[in-house]
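Worksheet: one structure, shown below.
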Amino acid sequence: MLTVEVGGDSAYTVEVGSGLLSRLNVPHKQLALIHAEDLPPEFVAQVQAALSPTLTVTVPARDDCKTLGVLAGVLSQLAAANLSRECAVIGLGGGALTDLAGFAAASYLRGVAYYSAPTTLLGMVDAAVGGKTGVNLPEGKNLVGAFWPPKHVWADTDTLATLPPATFREGAAEAYKHGLISDPSLLERVLSPDFAPGSPVLPQTIADAIAVKAGIVTRDLTEQGERAYLNFGHTLAHALEAFTDHAISHGEAVGYGMHYAALLSQAMGGADLTAHTLAFLRYQQPRPLPPLTFEDVWAYMARDKKADAEGVRFVLLRDLARPYLARVPEGVLREAFGEWVEEVKAIADAHPPPPSLPPQGGGA
Ligand code: GLY
């Protein structure tokens with residue numbers, strides 16, 4: 001078992017390894033376990049056997065759980081079970097589930113202890129660490145929420161064996177992003193055949209990817225500065241998710257968005273890192289995008305990062321592990337978009353996705 005320490009005012013430990021779910025231990029007498037309805041029942045059974053929770057709450061799968069309605073239902077169940085301020089909530093599932101469960105913990109009785117047990121790669125390397133919790137509104141994603149760091153995170157890598165391969169590769173986008181912005185050793189390791197469920201080196205690679213985010217959120221929990229670097233690739237990604245009405249997943253959108261951000265980085269005078277971002281897209285084999293014009297994504301990008309006369313704010317890279325924030329003029333955005341469209345189309349043509357990709361998933 002490996003550990004990653006997250007520091008700051010609310011320090012906690014992330015454990016990464018095999019067999020963790022059956023060894024969970026928390027010091028609270030009252031405990032609410034929250035999981036999504038599509039979670040394999042053996043994981044729920046393991047946690048119930050280890051912790052004997054006071055109640056178990058089942059919510060809809062993926063982003064369908066991240067609504068105010070579902071949150072209200074969860075809070076009512078906690079209240080109906082007379083859980084006191086000394087209780088704890090444990091979220092068991094993917095990124096959407098841990099966002100909801102964390103926010104339920106942040107809201108109930110003005111805040112109770114929260115523990116996170118992510119069961120997807122995206123949940124492990126991104127959503128479960130850093131304390132961002134919340135739900136979506138019809139007007140947009142993550143518009144309601146709180147910074148509510150967990151007391152402890154258990155990333156049981158056995159759970160990854162049940163993920164469809166495409167879902168695993170979606171989560172790989174966030175690990176690869178941590179390689180680009182901070183730890184280039186991750187780039188080769190994420191693309192290696194050893195980055196797969198069951199591989200003996202998988203826990204170390206996941207722990208190293210988590211360590212990048214742990215270091216950043218230790219220094220900047222509330223995104224006053226460098227936490228924004230975690231949004232590398234996310235400006236176009238959010239636009240693609242919105243434009244396609246979430247027909248592509250967050251991880252796929254981030255894969256596409258990282259390549260656009262690499263093209264922008266180069267256009268703004270940085271090193272050419274596009275071989276890395278293209279290699280990731282070849283590995284990930286995302287769902288193809290519908291035909292897109294710059295105008296299709298411009299409104300979303302401008303709204304996402306508040307355009308001004310000098311352009312739209314982007315996270316760019318001067319080189320590997322050298323992120324910075326810059327305003328990118330509309331003309332540069334437009335020209336790079338043309339290149340991006342051609343290059344992602346060439347990849348889609350060369351690597352048509354398998355016909356049976358699972359439904360898209362939620363993400364941080
Ligand atoms: N997923 C980006 C962040 O946690 O800041």
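For the chain, the longest principal axis of the C-alpha atoms and the axis of helix 330-350 are separated by about 80°. When only Cα pairs below 8 angstrom with a gap of at least 6 residues are kept, the range 14-82 shows a relative contact order of 34 percent. Residue order for Tyr114, Tyr324, fewest other beta carbons within 10 angstrom first, comes to Tyr324, Tyr114. Using only Cα coordinates, the Kirkwood hydrodynamic radius of the range 44-188 works out to 15.8 Å. Summarising the label geometry, the points placed 7 Å from Cα in the beta-carbon direction at Ser10 and Ala196 lie 3.9 nm from one another.
Our estimate of slack between Ser52 and Asp349, defined as 0.36 nm per intervening residue step minus the Cα-Cα distance, is 101.8 nm.
Footprinting exposure proxy ranking of His152, His238, fewest other C-beta atoms within 10 angstrom first, gives His152, His238.
Entry note, the chain: relative contact order of 16 percent, from Cα contacts under 8 Å with a spacing of 6+ residues. What the Kirkwood sum gives for the chain is a hydrodynamic radius of 20.5 Å, with every pair of different alpha carbons counted. For the range 133-149, backbone phi angles converted through the Karplus equation (6.51, -1.76, 1.60; θ = phi - 60°) give residue-by-residue couplings of 10, x, 10, 8, 10, x, 7, x, 7, 6, 7, 10, x, 8, 7, 9, x Hz, Gly and Pro being listed as x. Of Glu342, Glu188, the sequence from fewest to most neighbouring Cβ atoms within 10 angstrom is Glu342, Glu188. Restricting the trypsin sites (Lys or Arg not before Pro) of the range 131-227 to loop positions (DSSP other than H, G, I, E, B) with no more than 12 neighbouring Cβ atoms within 10 Å leaves nothing. The loop-placed GluC sites (Glu not before Pro) in the range 129-180, going by DSSP, that have at most 13 neighbouring Cβ atoms within 10 Å of their Cβ come out as Glu139.
Mind checking the range 239-346 for trypsin sites (Lys or Arg not before Pro) that DSSP puts in a loop (not H, G, I, E or B) and that have at most 12 other Cβ atoms within 10 Å?
Values: sites: Arg282, Arg303, Lys305, Lys306, Arg313, Arg318, Arg327, Arg334, Lys345; in loops: Lys305, Lys306, Arg318.
Counting only loop positions with at most 12 other Cβ atoms within 10 Å, the trypsin sites (Lys or Arg not before Pro) in the range 239-346 are Lys306.
So which of Lys141/Lys213; Lys66/Lys151; Lys151/Lys177; Lys132/Lys213; Lys66/Lys132; Lys29/Lys66 end up more than 19 Å apart, counting from Cα to Cα? Mind dumping the intermediate values first?
On the way: Lys141/Lys213 21 Å; Lys66/Lys151 21 Å; Lys151/Lys177 25 Å; Lys132/Lys213 12 Å; Lys66/Lys132 13 Å; Lys29/Lys66 27 Å.
As for pairs spanning more than 19 Å Cα to Cα, those are Lys141/Lys213; Lys66/Lys151; Lys151/Lys177; Lys29/Lys66.
The mean sequence distance of close C-alpha pairs (under 8 Å, at least 6 residues apart), as a share of the length of the range 126-205, puts its relative contact order at 20 percent.
We did not get these values from a lab; they are worked out from the coordinates using the rules stated. None of these values were measured; they are calculated from a predicted model. Every residue, glycine as well, gets a Cβ built from its backbone with ideal geometry; the counts of neighbours run over all protein chains shown.
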